[in-house]
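Here is the structure we will look at.
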Amino acid sequence: MKALTKEQQEKFVNLACALSPENLSCDGELSRAETTRRYNRLMKQWKALEKIVGREVSEHEVIEIELQQYQ
């Protein structure tokens with residue numbers, strides 16, 4: 001498995017945070033349509049970053065990266 005650079009790790013972590021339900025919908029303040037647009041935009045960024053990395057990156061992998069930063 002090809003390792004992620006620190007910059008790539010940071011980008012995936014930031015995207016994962018933005019994709020959390022409370023952040024995605026601004027704690028329920030956004031309409032369903034706007035939340036869907038935000039989700040699609042963020043996932044497009046995720047897929048583009050995966051293309052740069054050359055492989056799929058799972059949310060689980062990103063969570064593990066985040067957890068390692070606090071150990």
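A short reminder: the numbers here are calculations on the coordinates, not readings from a lab. It should be emphasised that the depicted structure is a prediction, and the values quoted were computed from it without experimental measurement. A quick note on method: Cβ atoms are made from the backbone with ideal geometry, for glycine too, and the neighbour counts reach across all protein chains shown.
Summary of values
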| item | result |
| --- | --- |
| Candidates Leu4, Leu42, Leu30, Leu15, filtered to the one that is in contact (Cβ under 8 Å) with a residue 60 or more places away in the chain and not β-branched (Val, Ile, Thr) | Leu4 |
| Segment 47-71 - residue that is among the aliphatic types (A, V, I, L, M), closer than 14 Å to Asn14 by Cα and part of a helix (DSSP H, G or I) and, of those, nearest to the chain's Cα centre (by Cα) | Val62 |
| Flag for Glu56 being exposed (fewer than 12 other Cβ atoms within 10 Å of the Cβ) and either among the charged types (D, E, K, R) or in contact with a Phe, Trp or Tyr (Cβ under 7 Å, 6 or more places away or on another chain) (or both) | yes |
| Flag for Ser25 being exposed (fewer than 10 other Cβ atoms within 10 Å of the Cβ) and either hydroxyl-bearing (Ser, Thr, Tyr) or touching a helix residue (DSSP H, G or I) at 6+ places or on another chain (Cβ under 9 Å) (or both) | no |
| Glu61 vs. criteria surrounded by 10 or more Cβ atoms within 10 Å (Cβ to Cβ), in contact with a helix residue (DSSP H, G or I) (Cβ under 6 Å, 6 or more places away or on another chain) and charged (D, E, K, R) | no |
